[in-house]
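Engineer: Quick one: the structure is below, questions incoming.
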Amino acid sequence: MRNRIWRSMTLMAALAAPLFVPQSASADPGGPIVISSVSNPRPDLVSGGQVLVRVDPSGRSGVRVTANGQDVTSAFHRQPDGSLLGLVTGLHVGSNDITAAPAGHGGSATLKVVDHPGTGPVFSGPQQQPFFCETQAYGLPPAQQPLCSAPTQVSYQYRTTAGTFAALADPAARPADLATATVGGRKVPYIVRIERGTIDRAVYEIAALHDGSAPSPFTPDSSWNQKLVYTFGGGCNAGYHQGATTGGVLNDLFLSQGYAVASSSLNVLDNNCSPIISAEAAMMVKEHFVETYGPVLHTIGWGGSGGAIQQYDIAESYPGIVDGIIPGISFPDPLTTGGPVSDCRLLNRYFAGPGASFTPAQRLAVSGYHDYGTCISWDATFASRATATDSCNAAIPVSARWDPVTNPGGVKCNSNEQLVNQLGRDPQTGFVRSPLDSTGIQYGLQALKDGQITPAQFVDLNAGIGGLDYTGKPVPQRSAADPVALAASYADDILNSASEGLRTTPIIDQRTDLDLAGFGNDIHTSEWSFTMRQRLLDANGTAGNQVIIENAPAQAGLASAYELDAMDRWLTAIEADTSHRPLSAKVLAHRPADLADGCYLPSGQRVQQPLTVPSSGQCGALYPVAANPRLVAGENLAMDVLKCRLKPLNFHDYPVTFTDEEKQRLAATFANGVCDYGKRGVGARKPLGTWRSYGG
């Protein structure tokens with residue numbers, strides 16, 4: 001949404017340009033010329049050797065534009081609002097000056113543009129090597145390491161009257177079974193232009209309805225509603241490869257209404273578990289999209305699971321790339337999620353060994369979930385992401401992978417590897433510093449208080465659960481965080497504080513309930529939506545910009561259609577508000593009246609109702625919210641403590657009586673104390689701000 005945060009960045013760039021005040025009003029018939037970057041309103045972060053620029057001539061009949069001293073006026077086209085829009089090409093990597101000057105007397109304006117290679121990086125920091133190419137998975141030619149670049153290809157699909165997409169060799173053809181789409185009340189042929197290429201070493205995809213004309217930033221396609229949906233894919237894994245999937249762009253819900261859709265393989269968290277790298281890829285792809293199709297009214301984020309993590313984290317740390325977000329089956333960030341994932345690996349190991357006597361009900365109580373199958377699934381699907389090589393993608397040759405003896409410098413498929421530019425690398429181990437910590441956590445504390453496990457079981461569980469070492473291997477000692485990693489996690493907002501960009505971002509959290517609806521072993525449990533809500537409340541005093549809507553899997557399509565429409569109306573209303581009140585106030589004021597917390601009933605009816613933890617009301621009965629191992633160990637709902645501060649072990653804090661032997665074992669287990677969740681976590685601090693750069 002160019003009317004939001006990025007507009008303020010553009011204005012600052014214009015004000016920073018050297019405006020030369022005319023000597024007299026007669027010599028300067030208009031106001032000051034304003035020049036701004038449109039394709040990337042951060043002119044210091046432009047990439048690919050070109051930039052779409054807008055010049056407001058302020059009533060002047062003639063303006064001359066130069067780029068690094070070369071006349072580029074012919075590249076500019078007058079727009080209906082009187083401004084001039086031009087695609088300035090031929091930029092060189094580094095600083096470039098684009099100047100607009102009146103044909104007669106008066107002041108000129110200069111925009112300083114800093115260009116970066118289209119292969120990146122721009123702000124995410126040094127790229128990991130090696131990087132294995134997968135362009136052929138998209139039908140692109142083979143590519144060479146390390147940049148994995150491939151030529152851009154365009155193809156066409158059409159929507160059939162039977163409701164499927166089919167290849168279309170000739171976009172001018174009109175097959176007999178061609179369906180129509182409705183854009184702004186008009187029926188248009190449902191033909192889709194699909195563009196694939198490489199940006200920032202990733203493969204990107206763009207899909208948009210096609211009216212038969214070549215895309216142009218100056219005369220937008222008549223089938224396009226001038227809005228963009230940016231999709232993000234799930235998972236969370238180490239990188240070192242290009243990825244064989246994007247977030248998906250051939251989507252009928254979006255295209256049938258005229259939305260364009262874009263994504264990149266580095267916007268799939270399973271290809272790259274770094275929201276920072278994902279933010280950079282999304283920024284660069286969106287920049288290319290605007291240079292191809294024209295200015296975007298607003299951009300809506302879309303995607304579930306790891307796709308939700310990216311939306312929450314990009315909106316928080318790099319605001320303006322997406323303007324409103326619709327995260328599905330969400331998690332807050334990779335680091336927070338890593339705690340319960342590692343806990344489940346350790347609990348499963350414990351219950352398979354010394355804790356084998358725990359009954360299924362007791363195991364469930366210790367886990368906090370509705371179904372212990374969730375813990376089993378976490379261990380089976382994601383616990384390997386904390387190891388050195390157990391989760392390596394098939395695109396990474398075995399010969400290139402880390403081995404402590406034969407290849408100590410090889411690729412480590414630990415998801416933290418993607419955060420090396422933020423967390424740093426431990427020189428002793430060669431692994432990225434880890435913020436994972438379990439010191440002082442009292443596993444099964446709530447189960448003990450509720451009488452679901454015995455004091456002896458509580459003692460044995462905490463004495464025997466152990467932790468993970470830097471390679472992800474279970475060890476008898478509890479996991480201990482690296483202090484440098486802890487400090488960076490908070491300072492760089494990698495642990496999402498919800499205090500920066502999210503404060504002014506419209507959020508519709510789509511919580512498809514997988515806890516009990518026949519998906520009892522699913523990892524996408526509902527408490528995470530409320531963890532983000534609590535962080536918003538703690539940071540900003542309100543969570544009015546976040547709506548949570550619960551639904552069963554059967555209502556997911558119905559919910560998606562409503563949420564997309566509601567988000568579009570929300571953003572459109574914000575854009576129309578030209579008042580000077582803060583953006584945060586506009587976001588709260590313009591939330592549609594029909595958009596509020598609630599749920600979908602089995603009948604398909606949507607009811608509005610406050611959603612709470614513990615669950616309450618009609619929605620709470622249908623979609624009860626459970627917990628996880630850390631919440632039932634005493635952590636707060638915000639789950640913003642990576643490493644807890646400790647307090648002395650005090651046996652008066654427990655509603656049970658321990659034997660002398662049990663006391664001795666507990667005292668040995670918690671020699672330095674137990675978690676004090678009434679205090680902020682170790683290393684916790686206010687984030688340093690948004691748009692952090694780690695080097696280009």
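The values are calculated or read from the model by the stated rules, or taken from the named source; none is laboratory data. In this text, all values refer to a predicted model and were calculated from it rather than measured experimentally. Backbone-built Cβ (ideal geometry, glycine too); neighbour counts: all protein chains shown. In case anyone asks, the SASA skips ligands and DNA or RNA and just uses the protein heavy atoms, side chains included. Shrake-Rupley method; radii C 1.70, N 1.55, O 1.52, S 1.80 Å.
Engineer: Number of Lys-Lys pairs in the range 598-696 under 22 Å by Cα, sequence gap 8 or more or different chains?
Structural biologist: 4
Engineer: Multiply the residue gap between ALA214 and GLN70 by 0.36 nm, knock off their C-alpha separation, and tell me the result in nm, one decimal place.
Structural biologist: Details: separation 144, 0.36 × 144 = 51.84 nm, distance 2.73 nm.
Once the chain is fully extended between ALA214 and GLN70, it gains 49.1 nm.
Engineer: Could you please state, rounded to a whole Å, how far the C-alpha centre of the range 486-540 is from the C-alpha centre of the range 247-264?
Structural biologist: When both Cα centres are located, 25 Å separates them.
Engineer: So what's the gap between the Cα centers of the range 420-448 and the range 560-615, to the nearest angstrom?
Structural biologist: When both Cα centres are located, 37 Å separates them.
Engineer: A follow-up question, please. Which of the aspartates and glutamates could be linked to LYS449 by a straight reach, that is with a Cα gap under 12 Å, when you skip same-chain ones fewer than 8 residues away?
Structural biologist: Straight-distance partners of LYS449: ASP653.
Engineer: In nm, to one decimal, how far is the modelled label at ARG569 from the one at ARG685, with both set 7 Å along Cα→Cβ?
Structural biologist: 4.5
Engineer: Accessible area of THR429, 1.4 Å probe, to the nearest 10 Å²?
Structural biologist: Accessible area, nearest 10 Å²: 40 Å².
Engineer: With the crude spin-label approximation of a point 7 Å out along Cα→Cβ, what separation in nm comes out for GLN428 versus ASP81?
Structural biologist: In this crude spin-label approximation the distance works out to 5.7 nm.
Engineer: Same structure again: For the range 227-235, in order, what is each residue's ³J(HN,Hα) by Karplus, 6.51 cos²θ - 1.76 cosθ + 1.60 with θ = phi - 60°, in whole Hz (x at glycine and Pro)?
Structural biologist: Running phi through 6.51 cos²θ - 1.76 cosθ + 1.60 with θ = phi - 60° gives 10, 10, 9, 10, 9, 10, x, x, x Hz.
Engineer: Moving on to the next point. Out of VAL625, HIS116, SER61, whose Cα points farthest toward the positive end of the dipole of the chain (charges: +1 Lys, Arg; -1 Asp, Glu; placed on Cβ)?
Structural biologist: SER61
Engineer: Straight-line reach from LYS586: which lysines fall under 23 Å, measuring Cα to Cα and dropping same-chain residues less than 8 apart?
Structural biologist: LYS227
Engineer: Can you list residues whose amide H is under 5 Å from ILE453's amide H, if they're 5+ apart or on another chain and H is modeled 1.01 Å from N?
Structural biologist: LEU448
Engineer: Just for the chain, what percent of DSSP beta bridges are antiparallel, to the closest 5?
Structural biologist: 70
Engineer: Work out which helices of the chain, taken as complete DSSP H runs, extend at least 18 Å along their axis over the Cα atoms and score a mean Kyte-Doolittle of 1.6 or more, then list them.
Structural biologist: Result, helices passing both filters: zero.
Engineer: Between GLN605 and LEU250, what FRET efficiency comes out of the Förster formula 1/(1 + (r/R0)^6) with R0 = 25 Å and r the beta carbon distance, rounded to 0.05?
Structural biologist: My answer for the efficiency is 0.25.
Engineer: Which peptide among 559-567, 534-542 comes first, and what is the full order, when sorted by highest mean count of other Cβ atoms within 10 Å?
Structural biologist: So the order, starting with the most tightly packed, is 559-567, 534-542.
Engineer: At R0 = 56 Å, how high is the FRET efficiency between GLN127 and ALA176 if r is their beta carbon distance? Nearest 0.05 is fine.
Structural biologist: Approximately 0.70, to the nearest 0.05.
Engineer: Next up: Ordering HIS241, HIS524 by accessible area with a probe of 1.4 Å, largest first, what comes out?
Structural biologist: From most accessible down to least: HIS524, HIS241.
Engineer: Suppose each label sits 7 Å from its Cα in the direction of the beta carbon; what would the ALA162-VAL484 distance come out to in nanometres?
Structural biologist: Taking the two extended label points, one gets 6.0 nm.
Engineer: With a 1.4 Å probe and every protein chain left in place, work out the accessible area per residue of the chain in Å², rounded to a whole number.
Structural biologist: Details: 25600 Å² over 696 residues.
That works out to 37 Å² per residue.
Engineer: How high is the relative contact order of the chain, in percent, counting Cα pairs under 8 Å that sit 6 or more residues apart?
Structural biologist: Relative contact order, the chain: 12 percent.
Engineer: If the cut-off is a Cα-Cα distance under 12 Å, which aspartates and glutamates reach LYS473, setting aside same-chain residues fewer than 8 apart in sequence?
Structural biologist: ASP390
Engineer: Right, something else. Could you work out what % of the accessible surface of the chain is carbon and sulfur, using a 1.4 angstrom probe and leaving DNA, RNA and ligands out of the count?
Structural biologist: 54
Engineer: Now for a separate question. Hey, how many Å between the Cα centroid of the range 347-394 and the Cα centroid of the range 618-662?
Structural biologist: Taking the Cα centre of each part, the range 347-394 and the range 618-662 sit 18 Å apart.
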